[in-house]
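> Please find one structure pasted underneath; my questions will follow.
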Amino acid sequence: QRVAIARAMVAKPRILLADEPTGNLDSVTSEKVIASLFKSAADANAALVLVTHDADLAAQCSRVLHIEDGVIVRDSKPSS
């Protein structure tokens, strides 16, 4: 996963898309990957669009869109 992040960041994207980036990882590796994603996006001044079912991970984001049946049902800003 970390290699994939590095490879994606080489192109200096303005938007970084991550679909379930921790889905197949243990908790220790997940934390490292998420830290790397957030840091890489911040360092590149890029937006990070993260798709996840993990509520704890979503809570780390600055904005969360809840989607059900293809429709946004809630738009929230988790408290930090």
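The values are calculated or read from the model by the stated rules, or taken from the named source; none is laboratory data. Bear in mind the structure is a predicted one, so any value in this text is a computation, not a measurement. Here the Cβ positions follow ideal geometry from the backbone for every residue, glycine too, while neighbour counts run over all protein chains shown. With ligands, DNA and RNA removed, areas are computed over all heavy atoms of the protein, side chains included. Shrake-Rupley method; radii C 1.70, N 1.55, O 1.52, S 1.80 Å.
> So which residues in region 1-21 are touching a residue at least 12 places away in the same chain (Cβ under 8 Å), in a loop (DSSP other than H, G, I, E, B) and over 16 Å from Val64 (Cβ atoms)?
If the condition is that a residue be touching a residue at least 12 places away in the same chain (Cβ under 8 Å), in a loop (DSSP other than H, G, I, E, B) and over 16 Å from Val64 (Cβ atoms), then Gln1, Lys12, Pro13, Arg14 are the ones that fit.
> Go through region 41-80 residue by residue and tally those that are in a strand (DSSP E or B), without any contact (Cβ under 8 Å) to a residue 24 or more places away in the chain, open to solvent by 50 Å² or more (accessible area, probe 1.4 Å) and closer than 20 Å to Thr22 by Cβ.
Total meeting the criteria: 3.
> A further question follows. Taking region 24-40 as the search range and keeping residues that are out of contact with any helix residue (DSSP H, G or I) (no Cβ under 9 Å at 6 or more places or on another chain) and outside any helix (DSSP H, G or I), which one is least open to solvent (accessible area, probe 1.4 Å)?
Residue satisfying both the conditions and the ranking: Asp26.
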